[in-house]
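Here the structure is laid out as structure tokens; the discussion comes afterwards.
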Amino acid sequence: MQLACTTEVVSLPDAMDGLVAYYRALSGEHPDWDDYRRAMVEDQRCLVRFTVLAAGPDAAG
């Protein structure tokens with residue numbers, strides 16, 4: 001499979017809400033959200049968003 005997409009890198013502090021949402025979607029509630037947020041800042045995490053424009057091939061081969 002191949003994807004054609006655009007990407008956007010979102011840095012902190014703008015990325016924090018998305019990082020929290022990503023964690024919640026994968027793992028549920030964190031036992032200490034303040035600690036999680038602190039770790040995201042210390043680790044200099046960012047969020048990468050992919051917008052898929054096309055996917056292929058369309059026919060199985």
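Values in this text are rule-based calculations from the coordinates and carry no lab data. Predicted, not measured: the structure shown is a model, and the values here were computed from it. No Cβ is skipped: glycine too gets one built from the backbone with ideal geometry, and neighbour counts run over all protein chains shown.
Residues in segment 41-53 carry Karplus couplings, in order, of 5, 4, 7, 6, 6, 9, 10, 10, 9, 10, 10, 6, 9 Hz; the curve used is 6.51 cos²θ - 1.76 cosθ + 1.60 with θ = phi - 60°, and Gly or Pro positions show x. Highest mean packing comes first when the peptides 27-35, 41-49 are listed by Cβ atoms within 10 Å, giving 41-49, 27-35. The length gained on full extension between residue 10 and residue 42, counted as 0.36 nm times the residue separation minus their Cα-Cα distance, comes to 9.9 nm. Neighbour counts of C-beta atoms inside 10 Å place 26, 19 in the sequence 26, 19, starting with the fewest.
Using C-alpha pairs under 8 Å with a sequence gap of at least 6, the mean separation divided by the residue count of segment 2-56 gives a relative contact order of 69 percent.
Between the listed residues 60, 13, 41, the Cα displaced farthest toward the positive end of the dipole of the chain, a dipole computed from Cβ unit charges relative to the Cα centre, is found at 60.
Normalised by 2.2 N^0.38 Å, with N the number of residues, the alpha-carbon radius of gyration of the chain equals 1.50.
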